[in-house]
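Q: Below you will find the structure I want to go over with you.
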Amino acid sequence: MHSAAPRYSDTDWQQIRLLYDRLQQLTPSPVVLLNRAVATRFAAGPDAALAEVEALGSDLDDYRLFHAVRAELLTALGRDAEARIANERALALAANPAERELIARRLSG
């Protein structure tokens, strides 16, 4: 869908959500739903996406990208203190040096 759009801003996020719905039917996974929530952010806004992400907390608490996505959504909603905590958790779980650097920059900025 990204490559079909003339510009990133023209991406059909609703269609991406529908594709994730189909993927969830075929291979159910909380990670698929997390990715769907990222599309929800752009299709329906950060409030709707955060609700989807929060519902995955018990399944993905040990997954760094869950906390990173949650931090992004909280930041978009102006909930900076909560975003900091989520970024700190993502940093604690991240093993990849590049991911650690990115999250550390978010925390310092």
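A short reminder: the numbers here are calculations on the coordinates, not readings from a lab. It should be emphasised that the depicted structure is a prediction, and the values quoted were computed from it without experimental measurement. Virtual Cβ from ideal backbone geometry, glycine too; neighbours counted across all protein chains shown.
Q: Condition check: farther than 24 Å from A71 by Cα, without any contact (Cβ under 8 Å) to a residue 24 or more places away in the chain, out of contact with any Pro (no Cβ under 7 Å at 6 or more places or on another chain) and not in a loop (DSSP other than H, G, I, E, B). Does L23 satisfy that?
A: Criteria met by L23.
Q: Working only within the stretch 56-66, note down all residues that are surrounded by fewer than 14 Cβ atoms within 10 Å (Cβ to Cβ) and outside any helix (DSSP H, G or I).
A: D61, D62
Q: Keeping to the stretch 26-40, report how many residues are surrounded by 14 or more Cβ atoms within 10 Å (Cβ to Cβ) and either not charged (D, E, K, R) or not in a helix (DSSP H, G or I) (or both).
A: 10
Q: Among residues belonging to the stretch 93-102 that are part of a helix (DSSP H, G or I) and in contact (Cβ under 8 Å) with a residue 12 or more places away in the chain, point out the one that is farthest from P28 (Cα to Cα).
A: If we take residues in the stretch 93-102 being part of a helix (DSSP H, G or I) and in contact (Cβ under 8 Å) with a residue 12 or more places away in the chain, then E99 is farthest from P28 (Cα to Cα).
Q: Restricting the stretch 1-20 to residues that are farther than 19 Å from L65 by Cα and among the charged types (D, E, K, R), which is nearest to the chain's Cα centre (by Cα)?
A: D12
Matching residues to (1) small (G, A, S); (2) in contact with a Pro (Cβ under 9 Å, 6 or more places away or on another chain); (3) free of Cβ contacts under 8 Å to residues at least 24 places away in the same chain:
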position	(1), (2), (3)
R36	no, no, yes
L60	no, yes, no
A76	yes, yes, no
A104	yes, no, yes
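Q: Next question. Here is a check on your reading of the model: is T40 of a type in the set (V, I, T), farther than 18 Å from R70 by Cα and free of Cβ contacts under 8 Å to residues at least 60 places away in the same chain?
A: For T40, the condition - of a type in the set (V, I, T), farther than 18 Å from R70 by Cα and free of Cβ contacts under 8 Å to residues at least 60 places away in the same chain - is not met.
Q: I'm trying to understand the selection: among the residues of the stretch 24-71, which are among the aromatic types (F, W, Y) and either over 27 Å from D10 (Cβ atoms) or in contact with a Lys or Arg (Cβ under 6 Å, 6 or more places away or on another chain) (or both)?
A: Y63, F66
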